[in-house]
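Please read the structure below before turning to the comments.
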């Protein structure tokens, strides 16, 4: 294995429709042209009540560090995901240690859906669908195409992720899904 190979980590997709938020992530972790793991868990629940969904694309240890920091911010700003996300993004961009972390995260709760990046971005998607990672654009395109024809956010997310897995070599069909709402 050469040191010039780069990590290609994942596809994470979020779909909100009606009162339901679905976050789905594939399980593939690749190094260059080698699949290192096929069943990684990149989607999880956060918060004291497990009422926040989060998924990451990028380096695993970096993502866990960011999730830990986000949970600290959520403790400081309970019930205010947007404020916690902005505070995390500020730290991520300015802290000497954090600014070297390589990941992106999607977080959402009953009312808010955000993408947080290491450049200090906290982006609220224009549509009720967002995605990150190597296959993110494939999953996003598929979900947006299905959105007006399917009522169930979970069905949209699963089908869009399957389409991404069929197209992107860095995405597999072994998914983890978390759902908020009904």
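The values are calculated or read from the model by the stated rules, or taken from the named source; none is laboratory data. Note that the structure is a prediction, hence the values are computed from the model and not measured. Cβ atoms come from the backbone with ideal geometry, glycine included; neighbour counts cover every protein chain shown.
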Could you pull out every one of the strands (runs of 3 or more DSSP E) wholly within segment 15-56 that has 1 or more residues that are surrounded by 21 or more Cβ atoms within 10 Å (Cβ to Cβ) and within 11 Å of the chain's Cα centre (by Cα)? 20-26, 43-46
Test: residue 170 is under 20 Å from residue 28 (Cα atoms) and in contact with a helix residue (DSSP H, G or I) (Cβ under 6 Å, 6 or more places away or on another chain): no
Taking segment 157-168 and keeping residues touching a residue at least 40 places away in the same chain (Cβ under 8 Å) and either part of a helix (DSSP H, G or I) or exposed (fewer than 15 other Cβ atoms within 10 Å of the Cβ) (or both) leaves 157, 158, 160, 161, 164, 165
Using the structure shown, decide if residue 55 is free of Cβ contacts under 8 Å to residues at least 60 places away in the same chain and within 19 Å of residue 102 (Cα to Cα). no
Residue 107 vs. criteria in contact with a helix residue (DSSP H, G or I) (Cβ under 9 Å, 6 or more places away or on another chain), buried (at least 21 other Cβ atoms within 10 Å of the Cβ) and modelled with pLDDT of 90 or more: yes
Could you look through segment 82-94, keep only residues that are modelled with pLDDT of 95 or more and surrounded by 22 or more Cβ atoms within 10 Å (Cβ to Cβ), and pick out the one that is nearest to residue 121 (Cα to Cα)? 85
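Run down 154, 150 and say which single residue is part of a loop (DSSP other than H, G, I, E, B) and surrounded by 15 or more Cβ atoms within 10 Å (Cβ to Cβ).
On the way: 154 fails: part of a loop (DSSP other than H, G, I, E, B).
Matching residue, one of 154, 150: 150.
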In segment 117-141, the residues that are closer than 22 Å to residue 170 by Cα, outside any helix (DSSP H, G or I) and touching a residue at least 40 places away in the same chain (Cβ under 8 Å): 129, 130, 131, 132, 133, 134, 135
Quick check on my filter: what residues within segment 39-63 are touching a strand residue (DSSP E or B) at 6+ places or on another chain (Cβ under 8 Å) and closer than 25 Å to residue 182 by Cβ? 41, 42, 43, 44, 45, 46, 51, 52, 53, 54, 55
Among 66, 81, the single one that is over 14 Å from residue 119 (Cα atoms) and in contact with a strand residue (DSSP E or B) (Cβ under 7 Å, 6 or more places away or on another chain) is 81
Residue ID - nearest to residue 22 (Cα to Cα), chosen from residues in segment 68-81 that are touching a helix residue (DSSP H, G or I) at 6+ places or on another chain (Cβ under 8 Å) and surrounded by 16 or more Cβ atoms within 10 Å (Cβ to Cβ): 81
